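Notes follow once the structure below has been shown.
The values are calculated or read from the model by the stated rules, or taken from the named source; none is laboratory data. Owing to the predicted nature of the structure, the values given are computational and were not obtained by experimental measurement. Using ideal geometry, Cβ is built from the backbone for each residue, glycine included, and neighbour counts are taken over all protein chains shown.
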Amino acid sequence: MKASELRELSSGELGQKLVDLTQEFFNLRFQHATDQLENTMRLRQSKRDIARIKTVVRERQLASSRES
């Protein structure tokens with residue numbers, strides 16, 4: 001998922017997507033630890049998606065603090 005796609009989402013949607021991806025990342029780590037994960041690239045992609053969401057959320061926080 002691209003950052004431009006994330007910027008179009010509302011804050012509530014971003015929060016929900018962050019919760020979902022965090023849960024997915026936990027499950028992927030668990031599968032990896034038990035040698036059930038076939039595609040280890042999904043771990044890396046999940047981490048990057050979580051970081052992108054957190055970046056967009058932080059950008060919005062900084063933008064709102066500048067306006068105040």
message = Restricting to the range 1-19, name every residue that is outside any loop (DSSP other than H, G, I, E, B), of a type in the set (D, E, K, R) and exposed (fewer than 11 other Cβ atoms within 10 Å of the Cβ).
response = E5
query = Looking at (1) among the polar types (S, T, N, Q); (2) surrounded by 13 or more Cβ atoms within 10 Å (Cβ to Cβ); (3) more than 12 Å from the chain's Cα centre (by Cα), which is the one condition that is false for S68?
reply = (2)
query = In the range 5-24, which residues are over 18 Å from S64 (Cβ atoms) and either among the acidic types (D, E) or at pLDDT below 95 (or both)?
reply = E5, D20, E24
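Looking at L37, L43 in this structure, which one is free of Cβ contacts under 8 Å to residues at least 24 places away in the same chain, surrounded by 14 or more Cβ atoms within 10 Å (Cβ to Cβ), touching a helix residue (DSSP H, G or I) at 6+ places or on another chain (Cβ under 6 Å) and outside any helix (DSSP H, G or I)?
Details: L43 fails: outside any helix (DSSP H, G or I).
Going through L37, L43 in turn, the sole match is L37.
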ask   = Checking R60 against (1) touching a residue at least 40 places away in the same chain (Cβ under 8 Å); (2) assigned to a loop (DSSP other than H, G, I, E, B); (3) of a type outside the set (S, T, Y), which single condition isn't satisfied?
value = (2)
task = Could you list all residues from the range 27-68 that are under 16 Å from A3 (Cβ atoms) and of a type in the set (D, E, K, R)?
result = K47, R48, D49, R52, K54, R58, E59, R60
key: Count of the range 20-31 residues which are surrounded by 14 or more Cβ atoms within 10 Å (Cβ to Cβ) and either without any contact (Cβ under 8 Å) to a residue 12 or more places away in the chain or outside any helix (DSSP H, G or I) (or both)   = 1
